[in-house]
Structures are given as structure tokens and as C-alpha cells.
Amino acid sequence: MAAFRTASLMYFKSSSSSSSSSSLSADCSKGVCKATMSSPMFKPTPVSLPKLQSRDLVEKLEMGSGFKIPTFNSVASQPDPVVAAKIYAVMEAIADRVEMHWNVGVQRDNWNRLLLTSLNAITLGAATMVGLAAAATTGAPIMALKISSTLLYLAATGMSVVMNKLQPSQLAEEQRNAARLFKQLHCQLQSKLSLGDLNNNQVDEAMEKVLALDRAYPLPLLGSMIEKFPTNVEPATWWPQRKTMQKPKHKQASTKLGGNGWSRALEDEMREIAGVLKRDQQEYLRLSQKALQINKILAVSGPLLTLLGAFGSVLVGSCSGTWPVILGVVAGSMASIANAMEHGGQVGMVFEMYRSNAGFFKLMEETIESNVNLRDVRKRENGEVLEMKVALQLGRSLSELRELAASNSSRRTEEMGEFASKLF
């Protein structure tokens, strides 16, 4: 029995040593890892793997496949805490203004609908009373109907004068534009804040934009209200006025990128687009002038017709003939039509819309010219980014924008081409 145990132990040692040597030689021959055994017993052996350099691997992959693996910097530059606090304060003020202008816009739109309904009801009621007064046979009903219709006509005249002076539909459109532009400014500041590249100059610029919007679209009705019937129609201006920059005398002859995404071809394209925008601006000013003329005619016609209706109502039964009745009834009906066309058709809103569109084209034209006229391309906005912004604001693709510039350059000055914007 003892001899059997001795033989088994010797066999186990020989088999374990042979297996460990064979596995060690096999592993070392592959050059993958190294293993050492200090005793014939099975103990945990330390295994060391060669360090794999990720940079070398990336370089090998790039060399083998020809594909450049992009690297991203996940840590954004942190702005100055004081500057960030100022930007947040401006954004809070802008958010409050958005809410105010939106609420006031809804309120003034309600004014337009309610006042128009009341005005037409009063005018048609007065015209009906004039007809009933002419059909009455006794003196008491005639006198009551005449007084009632005359008072209603005078009330309608006063309401019509106030509505035509304020133009509630135009007031509502102004506040809608203000809310939209304040939202746009809020998004721009939020984008700048996320990028982290902020300074005090950008804070001052943001405050100037807020104050310019306050001046362009005032909330109060008395004192600072925009003139509803101006002598000269001008584009709406809601941005701070830039300093006039002199155009460069000499253009660069190179057609390659001179830096910051600009080239000679892109400059020429932007100049052509600015010319198209200037032409469209004049066209929208012409349309706003026509809308203003129509609005003036309707604004004068409404109160004048109600006054004529009141005059005819007073003379019913006092003069021979039917012309007082005809005057009182027909004038009231025509006044209702004039009021419906002016305020129901929202002619004042149409005028403000055309004026705002002209201002939109003027802002784009000034933005393009302020970049193109800068001699140092490093101080300009990136040319490719500016081209993309202009294309998106005009509702066009980049290829359509370039086609528009090419067609405008080949067209004679007196010829009328297509509008720059496909949105309106």
C-alpha cells in the first residue's frame, strides 16, 4: 500500500511538471503572456498583458482604412460667472417681455373683434329705427325712434373714430411681432450661453437689442404709440443702428478661400443677394403704401357715413319726401360695410405686416453689407455659416440661393425678377 502511494505521488509530480512546461512553452511561443510557477502545486499565477496604446491603435486604423477618426472635446469653455449672471438677467427680462407682449396682443385682438361686433350692431340698429320711424303713423313713436336712432348713430360715430385712431388689428400685429422677436433674441442668447464664449461686449449688445425692441413695439397706447397713418412709410426697425462702414476700394483677386469661410465668389454672391433684398424691400414698401391709402379711405368713410345717417334720422318726418329715410337707412348700411372691410378685413394688420416684411429685408441687407464691407475677414461672421443663415431665412436651399444670385446678376436693372423670400 505504501509503495502504491509513493508511485502515485511520483506520477503526479512528473505529469504536473510536464504539463506546466508544455503550457509555458506554448504561451511563450505565441508571445501573448508569461506565466511562472514557483511550486508544483496549483496556485494563482500572476499574468501580465502587454499595454495596448490606444493612440497607436487609432493611428494604425487611420493608416489602414484611410478614415479619420474624429476627436471631440467634451469640456466646454466656462464663461465668466459675472458675465453669465448678466446674460441670465437679460434673458429673464426678455422672457417677461415675451409674456407681456403676447398677453397684450391677445387682449387687443379681442378689442378688434368685440368693438367691430358692437359697432356694426349699433349702426344697423340705428338704420332699422330710421325705417321704423318712417313707417310709424303717430307722433310719439316717431319722436322716440328718431331720438334713439340719432343717439345710436352718434355713438357709432364716436366708436368708429376711436377704433380708426387706434387700429386694434394693427396693435395686435405689433405685439405678435414683438413677442416673436423677443423669443428669437432669447434663443440667440441661450445658444451663446451654451457655447460659453461670452464677454461684456455681448452683454451690452443684448441690452441694446432689448431696448431697441422696446422702442420699436411700445406697450402703452398714450404718448408712445406708433403712428397709424404716417406721412412717409418706412420699414419697421427693431435692431440697434449699426455704424456706417466704408466699402473697400479694392477687392481681392483670389477666388480661393481667404479665411473664415470667405471667398471672392461668396462675396459676389452675397452682394447680389443684398441687391435682391433691397429691391424686395422697396416692393413691400409700395404695397404697404397702398394698404395705408385704402385704410385712410375706409377710416374717413365710416364716421362720415354714420354722421350722414344721424342727419337723415333727425329729418325723418320733418321734411317732405322720402330722402331723409333713404339717407338714414342707406348711410347706416354703407357705414357697416366700411367698418367690416376696415376692421374685419384687418387692413391695419396688413399694413403692419408689409412694413415688418420690409424691415426684415432691410435687416438682412444690413447684416450682409456689414460683413462684406469688412476688409479683415477674421472679423466677419463665418462666410459659410452666413450663407446658410440667409438661405434658411429666405426659405431656400444653398443651390437655390446661388441660382437666385446668378439670375439677378444676369438680369438688367429695370427688369423685375422673383422675390428673394419663398416664405412670404
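Assorted remarks:
Here's the yes/no breakdown for (1) farther than 30 Å from A140 by Cβ; (2) under 20 Å from the mean Cα position of the chain (by Cα); (3) at pLDDT 95 or above:
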residue	(1), (2), (3)
K290	yes, no, yes
V300	yes, no, yes
L315	no, no, no
D376	yes, no, no
R380	yes, no, no
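- Scanning segment 327-348 for residues that are in a helix (DSSP H, G or I), open to solvent by 40 Å² or more (accessible area, probe 1.4 Å) and either of a type in the set (S, T, N, Q) or over 20 Å from L308 (Cα atoms) (or both) gives S333, G344.
- Considering M349, M388, the condition of being more than 16 Å from the chain's Cα centre (by Cα) and not basic (K, R) is satisfied by M349 alone.
- Only one of V377, V314 that is under 30 Å from V276 (Cβ atoms) and of a type in the set (A, V, I, L, M): V377
- Applying the set (1) within 18 Å of L211 (Cα to Cα); (2) at pLDDT below 95; (3) hydrophobic (A, V, I, L, M, F, W, C) to M129 leaves exactly one unmet item: (1).
- The requirement of being touching a residue at least 40 places away in the same chain (Cβ under 8 Å), within 17 Å of M91 (Cβ to Cβ) and surrounded by 20 or more Cβ atoms within 10 Å (Cβ to Cβ) is fulfilled nowhere in segment 142-152; no residue meets it.
- Scanning segment 173-205 for residues that are over 29 Å from G348 (Cα atoms) and under 16 Å from the mean Cα position of the chain (by Cα) gives C187, Q188, L189, Q190, S191.
- Any pair with Cβ under 6 angstrom, 6 or more apart, that starts in segment 327-340 at a residue that is closer than 13 Å to P303 by Cβ and ends at one that is among the small types (G, A, S) and assigned to a helix (DSSP H, G or I): A331/G309; G332/A126; G332/A127; G332/G309; A335/G302; A338/S301; A338/G302; N339/G302
The values are calculated or read from the model by the stated rules, or taken from the named source; none is laboratory data. The model shown is predicted, which means the values in this text are computed figures rather than measured ones. FYI the Cβ positions are ideal-geometry reconstructions off the backbone, even for glycines, and counts take in every protein chain you see. Each accessible area value is taken on the protein alone, full model and side chains, heavy atoms only, with ligands, DNA and RNA left out. Shrake-Rupley method; radii C 1.70, N 1.55, O 1.52, S 1.80 Å.
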